[in-house]
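Student: Got a structure for you, questions after.
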Amino acid sequence: MLFTAEDVFDFVEQEDVKFIRLAFCDAFGRQKNIAIMPDELHRAFSDGISFDASAIRGFGSMVKSDLLLFPIPSTFNVLSWRPGGGKVVRMLCNIMRPDGTEFELDPRRILRDAVFKAGELGLTVYFGSEFEFYLFKTDENGESTKIPFDNASYMDVAPDDKGENIRREICLTLADMGIRPESSHHEEGPGQNEIDFRYSDALSAADNAMNFITVVKAAALNNGLYADFSPKPLKGESGNGMHINISVKDKNGSDPTPAFMAGIMARISEMTAFLNPCENSYERLGEKKAPKYITWSHENRSQLVRIPAAKGEYKRIELRSPDPTANPYIAFALLIYAGLEGIEKKLSVPEAVNDNLFTASKDVTEKLEMLPQSLEEARRIARESKFIRKYLPQEYLPE
């Protein structure tokens, strides 16, 4: 259900809501929030709730640091895992300056602009994310250890798979929040799990990604565990990916997917600092089904881009390099802009590489262009990129 402001007022009054959390995303993909009481809800919608932007990493200095949060009623949901004594609800927010202008560093605004640009060209871009994460045991102080919750492997079942009940709890909570998980299973690593989303429009998909991480961490905490989304939690084991499935619809009925994919492949190195934004990201790339080369193929999981065996509305491309530390709003925005560039320039995809690139000979791999091999290299490429400078504010450029 898409709530209006009046729907929110009615729900808060009738359902014993005690706290409203106003949430937003910082420049680095970390969700932030401020809680207000129901009596402040009308003011939030009409005048906004102020916060200190200088305390938010990536949001600027102490000069002119006051910003305002305006709740977006369509993002309303109930935080069902919160303890009793009255409901807690949450809405994502638009970030505005006191003079009424939009805050240019708001990641959600950056994605909204990309969606608008695609719409002007008659295109709608849909995203579906596949998140991987580890569940680790905690010590007597509740701090995370590196001891996996189980030693199960890919798609094992209980009792070897101890994460089954937690995944069920997560999926049911997501469904209650209006987010549609498509499937869940144990992944290859010990204590590693995966939950996949049904595709949705870009803004909803990014909102869902932010909410998903919160739900998983809350479910893990409630079960005395720690959920780790870092790209390479355990050396020698599978890393955590955030595979991004993308489908593009043209209102004129043509298929823009090949050119859209070609645009992404042409700009992928320039985007990598934002899709894989931490040192740990580059320990994952190049092993255990995480790509190393800028290649594509049908169904082949050793490639950067895989074309899954799917029909009808499920036809899509799967980008396999991103990891869960990426800011989904920035990641999706850059992918849209790169894809649109591919369409506008009528780019063609390179020849498919149908080899297993983890076992292929040097005769095959030495001819292939590689993804950046370190965070330092990825940041340098991003800093020098006219493409990145065109679509992201100066403050987003990596140092």
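The values are calculated or read from the model by the stated rules, or taken from the named source; none is laboratory data. Treat the numbers as computed from the prediction; the structure is a model and nothing was measured. Counting neighbours? That spans all protein chains shown, and the Cβs are built from the backbone with ideal geometry, glycine included. Quick note on the areas: whole protein, heavy atoms, side chains included, nothing else; ligands and nucleic acids left out. Shrake-Rupley method; radii C 1.70, N 1.55, O 1.52, S 1.80 Å.
Student: Would you mind getting the accessible area per residue of segment 3-51, heavy atoms of the protein chains only, 1.4 Å probe, in Å²? Provide the component values of the computation, followed by the final result.
Tutor: On the way: 2650 Å² over 49 residues.
I get 54 Å² per residue for this part.
Student: State the antiparallel share, in %, of DSSP beta bridges confined to the chain, rounding to the nearest 5.
Tutor: Details: 50 of 59 bridges.
Antiparallel bridges: around 85 percent, rounded to the nearest 5.
Student: Also: Starting from one equal scatterer on each C-alpha and no solvent at all, send me the Debye-based log10 I(q)/I(0) for segment 251-399 at q = 0.15, 0.21 Å⁻¹, two decimals.
Tutor: -0.78, -1.45
Student: Rounded to the nearest 0.05, what FRET efficiency do Thr4 and Ser254 give with R0 = 41 Å and r taken as the Cβ-Cβ distance? Could you check? Please report the intermediate quantities before stating the final value.
Tutor: Working: r = 35 Å, r/R0 = 0.86.
Computed FRET efficiency for Thr4 and Ser254: 0.70.
Student: Place the peptides 33-41, 315-323 in order of packing, highest mean first, counting for every residue the other Cβ atoms within 10 Å and averaging per peptide.
Tutor: Values: 33-41: 14.7, 315-323: 22.2.
Going from most to least packed, we get 315-323, 33-41.
Student: Can you say what percent of the DSSP beta bridges in segment 1-160, counting only those with both residues inside, are antiparallel? Round to 5. Don't skip to the end; give the middle numbers.
Tutor: Working: 19 of 25 bridges.
Of all bridge pairs located within segment 1-160, approximately 75 percent are antiparallel.
Student: Once phi is turned into θ = phi - 60°, what whole-Hz ³J(HN,Hα) does the Karplus curve with 6.51, -1.76 and 1.60 give for every residue of segment 31-44, x standing for Gly and Pro?
Tutor: Running phi through 6.51 cos²θ - 1.76 cosθ + 1.60 with θ = phi - 60° gives 6, 10, 7, 10, 9, 10, 8, x, 5, 9, 5, 4, 5, 4 Hz.
Student: Another question, then. Met370: accessible area at probe 1.4 Å, nearest 10 Å²?
Tutor: Using a 1.4 Å probe on the heavy atoms, I get roughly 90 Å².
Student: How high is the FRET efficiency from Arg380 to Asn165, r the C-beta distance, R0 45 Å, rounded to 0.05?
Tutor: Numbers: r = 45 Å, r/R0 = 1.00.
In this case the efficiency is close to 0.50.
Student: From the backbone phi of segment 93-108, what are the Karplus-calculated ³J(HN,Hα) couplings (6.51 cos²θ - 1.76 cosθ + 1.60, θ = phi - 60°) in whole Hz, Gly and Pro given as x?
Tutor: With the stated coefficients, segment 93-108 comes to 10, 7, 10, 10, 7, x, 7, x, 7, 6, 6, 5, 9, 5, x, 5 Hz.
Student: Please compute the per residue accessible area over segment 257-384 with all protein chains in place, 1.4 Å probe, rounded to a whole number of Å². Could you put the intermediate results ahead of the total?
Tutor: Working: 5620 Å² over 128 residues.
With all protein chains present, segment 257-384 gives 44 Å² per residue.
Student: Sticking with this structure for a sec: Just want to confirm a number: the relative contact order over segment 179-281, from Cα pairs under 8 angstrom separated by 6+ residues, in percent.
Tutor: Values: 65 pairs, mean separation 17.6, N = 103.
Contact order relative to length: 17 percent.
Student: Which part of segment 36-58 falls in the paramagnetic zone of Glu399, meaning amide N under 13 Å from the point 7 Å along Cα-to-beta-carbon?
Tutor: 57-58
Student: Would you mind calculating the relative contact order of the chain from Cα pairs under 8 angstrom and at least 6 residues apart, reporting the percent as a whole number? Mind dumping the intermediate values first?
Tutor: On the way: 819 pairs, mean separation 59.8, N = 399.
It comes to 15 percent, rounded to a whole number.
Student: Greater than 24 Å separation of Cα atoms is the criterion. Which listed pairs, Lys87/Lys137; Lys232/Lys362; Lys251/Lys386; Lys235/Lys289, meet it?
Tutor: Numbers: Lys87/Lys137 29 Å; Lys232/Lys362 26 Å; Lys251/Lys386 30 Å; Lys235/Lys289 15 Å.
Pairs exceeding the cut-off: Lys87/Lys137; Lys232/Lys362; Lys251/Lys386.
Student: Follow-up question, since we're still on this one. When averaged across all projection directions, what area in nm² does the alpha-carbon convex hull of the chain cover?
Tutor: 20.9 nm²
Student: Still on this structure, please answer the following. In Å², what does the accessible area per residue of segment 92-157 work out to with a 1.4 Å probe? Before the final figure, lay out each step's value.
Tutor: Values: 3090 Å² over 66 residues.
Result: 47 Å² per residue.
Student: Sum -39500 (n - 2.57) across every DSSP H segment of at least 4 residues in the chain, then divide by the residue count to get the 222 nm mean residue ellipticity, nearest 500. Walk me through the intermediate numbers first.
Tutor: On the way: 11 runs with 123 residues, N = 399.
Helix-only estimate at 222 nm: -9500 deg cm²/dmol.
Student: A further question on this structure: Could you sort the peptides 265-275, 97-107 by per-residue average Cβ neighbour count (10 Å cutoff), highest mean leading? Don't skip to the end; give the middle numbers.
Tutor: Details: 265-275: 22.5, 97-107: 14.8.
Answer by packing, highest mean first, reads 265-275, 97-107.
Student: Could you give the size of the charge dipole of the chain about its Cα centre, using +1 on the Cβ of each K and R and -1 on the Cβ of each D and E, expressed in debye and rounded to the nearest 20? Could the numbers behind the result be given before it?
Tutor: Working: 48 positive and 61 negative charges, 162 e Å.
The dipole magnitude comes to about 780 debye.
Student: Using each residue's phi in segment 292-308, evaluate 6.51 cos²θ - 1.76 cosθ + 1.60 at θ = phi - 60° and report the 3J(HN,Hα) Karplus result to the nearest Hz, with x for Gly and Pro.
Tutor: After applying 6.51 cos²θ - 1.76 cosθ + 1.60, I find 10, 10, 8, 9, 8, 5, 6, 6, 8, 7, 9, 9, 5, 10, 10, 9, x Hz.
Student: Okay, next question. On the protein heavy atoms, probe 1.4 angstrom, tell me the percent of accessible surface of the chain carried by carbon and sulfur. Can you show the working numbers first?
Tutor: Working: 8970 of 18540 Å².
The C+S portion of the solvent-accessible surface of the chain is 48 percent.
Student: Starting from 0.36 nm per residue, how many nanometres of slack lie between Lys146 and Lys367 once their C-alpha separation is accounted for? Let's see the in-between values first.
Tutor: Values: separation 221, 0.36 × 221 = 79.56 nm, distance 3.86 nm.
Stretched fully, the Lys146-Lys367 segment lengthens by 75.7 nm.
Student: Could you please put Cys93, Cys171 in sequence from largest to smallest accessible area, using a 1.4 Å probe? Don't skip to the end; give the middle numbers.
Tutor: Working: Cys93 5, Cys171 25 Å².
Greatest to least solvent exposure: Cys171, Cys93.
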